[in-house]
Amino acid sequence: GQQVQQSPASLVLQEGENAELQCNFSSTATQLQWFYQSPGGSLVSLLSNPSGTKHTGRLTSTTVTKERRSSLHISSSQTTDSGTYLCAIDASGSFNKLTFGAGTRLAVCP
Amino acid sequence: EAAVTQSPRSKVAVTGGKVTLSCHQTNNHDYMYWYRQDTGHGLRLIHYSYVADSTEKGDIPDGYKASRPSQENFSLILELASLSQTAVYFCASSDRGGQDTQYFGPGTRLLVL
């Protein structure tokens, strides 16, 4: 089945530093989403980026479809960015059936 | 912003008992999903539905049933709860399949003793 590998597993930053999160996947993806999971457990979609580069606020995602990899860049990190970042892909083409990676746990220290 | 609610928010169940988790969305989305998350892991798809009165198996459907009685409601049923089904369960919805964003509910923490 499909596999999604995220790295690093965890990351500790000082406030203001930048973060680069990686996602590699084993199947051609028709959809790729980055999610943020808060320490309390709630999930929020950050970006949908199946190919190319997308920006929103301090977040930039770059997906290279034929190399089956995506990155999420967080600039000028803040303590409120602490939590887990999940990458998810869909290879079904139509049903949006997501396969998730295990996530990168980010801690931003003041 | 899509609104997806789940009930109960947490539950303790006994092994062999029946558990029903409910999900309700208010945005007229066609697609709904049930995922489970085990501690320290990503989410895995259990069942999904793209139209009322029809459900489809996801990646890990064994031990679970699903019901979609209306566009707004999607239930996950554990007929005979087992210890291995202790997890956090998330419901999600999206307007269509394809590349539409999925919106998640707050999750239900299930502990099976």
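The values are calculated or read from the model by the stated rules, or taken from the named source; none is laboratory data. Computed from a predicted model, the values in this text were never measured in an experiment. Glycine gets a Cβ as well: all are built from the backbone with ideal geometry, and neighbour counts include every protein chain shown. With ligands, DNA and RNA removed, areas are computed over all heavy atoms of the protein, side chains included. Shrake-Rupley method; radii C 1.70, N 1.55, O 1.52, S 1.80 Å.
Residue by residue, the stretch A:96-110 carries 3J(HN,Hα) couplings of 6, 7, 7, 10, 9, x, 7, x, 10, 8, 10, 10, 10, 9, x Hz when phi is fed to the Karplus relation 6.51 cos²θ - 1.76 cosθ + 1.60 (θ = phi - 60°); x denotes Gly or Pro.
The solvent-accessible area of B:Arg96, taken with every protein chain present and a 1.4 Å probe, is close to 130 Å².
Toward the positive end of the charge dipole of the protein assembly as shown, with +1 on the Cβ of Lys and Arg and -1 on the Cβ of Asp and Glu, the farthest Cα among A:Ile89, A:Gly103, B:Leu113 is that of B:Leu113. With contacts taken as Cα pairs under 8 Å and at least 6 residues apart, the stretch B:1-63 reaches a relative contact order of 23 percent. Less than 5 angstrom separates the built amide H of B:Asn27 from those of B:Ala3, all sequence-distant by 5 or more or on a different chain.
Rounded to the nearest 20 debye, the dipole size of the stretch B:1-95 about its Cα centre is 380 debye, using +1 on the Cβ of Lys and Arg and -1 on the Cβ of Asp and Glu. Karplus-based coupling profile of the stretch A:17-28, in residue order and whole Hz: 6, 9, 10, 10, 10, 10, 9, 10, 9, 8, 10, 4, with θ = phi - 60° in 6.51 cos²θ - 1.76 cosθ + 1.60 and x standing for Gly or Pro.
Computed with a 1.4 Å probe on the full set of protein chains, the accessible area for B:Asp59 sits at about 100 Å². In the elastic network of chain B, a GNM with C-alpha springs shorter than 10 Å, the most mobile of B:Gly16, B:Gly40, B:Gly63 is B:Gly40. Shielding value for A:37-43 is 4, the average number of Cβ atoms from other chains within 10 Å of each residue's Cβ.
Measuring from each cysteine beta-carbon in the protein assembly as shown, the ones with no other cysteine beta-carbon under 4.7 angstrom are A:Cys109. Per residue of B:36-49, other chain Cβ atoms within 10 Å of the residue Cβ number 4 on average. Within the shell of other residues whose beta carbon sits under 9 angstrom from the beta carbon of B:Ala66, the net charge comes to +2, with Lys and Arg scored +1 and Asp and Glu -1.
Over the protein assembly as shown, the ratio between the Cα radius of gyration and 2.2 N^0.38 Å evaluates to 1.01.
When chain B is described by a simple charge dipole with +1 on each Lys and Arg Cβ and -1 on each Asp and Glu Cβ, the residue from B:Gly16, B:Ala92, B:Ser67 located farthest towards its positive end is B:Gly16.
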